[in-house]
1. If a residue has to be under 28 Å from residue 3 (Cβ atoms) and either touching a Ser or Thr at 6+ places or on another chain (Cβ under 6 Å) or polar (S, T, N, Q) (or both) to count, how many in segment 241-262 make the cut?
2. Could you list, in sequence order, all residues of segment 236-259 that are open to solvent by 40 Å² or more (accessible area, probe 1.4 Å), in a helix (DSSP H, G or I) and either not assigned by the TED database to the domain that holds residue 225 or not small (Gly, Ala, Ser) (or both)?
3. If residue 32 meets every condition in (1) of a type outside the set (A, V, I, L, M); (2) loosely packed, with under 14 Cβ neighbours inside 10 Å; (3) not in a helix (DSSP H, G or I) apart from one, which number is that one?
4. Of the residues that make up segment 19-37, is at least one at positive phi and out of contact with any Gly (no Cβ under 6 Å at 6 or more places or on another chain)?
5. Pairs needed: first member in segment 207-227, free of Cβ contacts under 8 Å to residues at least 12 places away in the same chain; second member anywhere, open to solvent by less than 70 Å² (accessible area, probe 1.4 Å); C-beta distance under 6 Å; at least 6 residues apart or different chains.
6. Could you tell me whether any residue of segment 55-74 is free of Cβ contacts under 8 Å to residues at least 24 places away in the same chain, surrounded by fewer than 20 Cβ atoms within 10 Å (Cβ to Cβ) and of a type in the set (Asp, Glu)?
Amino acid sequence: MPIQNHFNKFNKKIYLTSHSEGYKKAKEKDKSIFEEIKIAFKEAGYPVIDSFMQGSFAVNTAINSLDGDFDIDRAIVIDAEKAPEDPVAPKKVIKEVLDKRNFKDPRIKKPCVTADYKSINLHIDYTVYKKETSFFGDDTYYLAVGKNGSSDEHKEWSEADQKGLIEWIDSVDDFVFGATVKRKQLKRLIRYIKRWRDVNFNSEEVRKKVFSIGLTVMLKEQYSPNSLSAEVDDDLQALKSTVDAILDADYISAPWGTDDYRVYVKLPKKPKRDIFQHKVEGGHADGSDLNVGAQLRNKLLKLQEDLQKASDETDEVEQCEILNKLFGDDFKVPKQEKQSSSKAASSLTA
């Protein structure tokens, strides 16, 4: 069996869709909560005019969590003309709704309202945007930034093109022939690399800072299939080439003569901020923290090395054993076929 068949089985095992078994309760909770939020927003004077999913589900790169958790990332949109001046005000309304539900300590964070459900494995992030429509019909979205206790200088409606980001990840403009097939391969590679992160970063604190959107942007920018071919049939080589390109790019760097590696990945759409930004002395952003930068670099180098070993290996079982160590037990290792006793005997007497 070619190694691609094993990748296909692995992808099917880890791929989480909104129709996947076990996700039904999470969807029901989200729908119920969202209905309450719409009522509360209307009563507050800024009715919801739109809502859309963000994150992995929006671009079909979600994976089954190793601990069985489900994440929902929903954007809630209000009309700019009816939006309150204080961007934290609608987030407080969301928190009040969540406080009445069975959540553990809902919190207003700078970009969103976040909470974990008590009785099921469900984590929810709600972000609030106001939408402004120009005379020419162009829409501009502004993210509600700020948290409880934030001073006025740390609260704002910040322009953010979240829908543009989703469209950019989904775009096939650069793939030419076989664009749809190549997009599917890219999405598979993103799922693989997210599962690799979950398996290989032992520290939960560091793992949570290796953001899925950061990995997604790096893979999207560095994925470079043959534009003249409509065929893609080798995920192992495609992943190896993409990891090579990521390491050759300048995402992870350190000042000359130091090991102070930091990760810098900019959003391709507004606000075009550094995804891994880390607050340092003086309050400005300066890439990821050192622990994340060093670990991500070292683990990517090990991933590169092991993908090369798997590519060089000719034995199918040995290949799968290497990949199983990289991606965990959902990448199955086939049983070694044993010679029949008659064949074994004939080989001994030959």
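The values are calculated or read from the model by the stated rules, or taken from the named source; none is laboratory data. The shown structure was predicted, so the numbers you read here are calculated from the model rather than taken from an experiment. Every residue, glycine among them, receives a Cβ derived from its backbone with ideal geometry; neighbour counts consider all protein chains shown. Heads up: the accessible areas ignore ligands, DNA and RNA and are worked out on the full protein's heavy atoms, side chains in. Shrake-Rupley method; radii C 1.70, N 1.55, O 1.52, S 1.80 Å.
1. 2
2. 237, 247, 248
3. Single failed check for residue 32: (3).
4. Yes, because at least one residue in segment 19-37 is at positive phi and out of contact with any Gly (no Cβ under 6 Å at 6 or more places or on another chain).
5. Matching pairs, first to second residue: 207/201.
6. No, there is no match, as no residue in segment 55-74 is free of Cβ contacts under 8 Å to residues at least 24 places away in the same chain, surrounded by fewer than 20 Cβ atoms within 10 Å (Cβ to Cβ) and of a type in the set (Asp, Glu).
Let's see how each residue does on (1) modelled with pLDDT of 95 or more; (2) touching a Cys at 6+ places or on another chain (Cβ under 8 Å); (3) closer than 20 Å to residue 53 by Cα:
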site: 101; (1), (2), (3): no, no, no
site: 104; (1), (2), (3): no, no, no
site: 111; (1), (2), (3): no, no, yes
site: 115; (1), (2), (3): no, no, yes
site: 132; (1), (2), (3): yes, no, yes
site: 137; (1), (2), (3): no, no, no
site: 144; (1), (2), (3): yes, no, yes
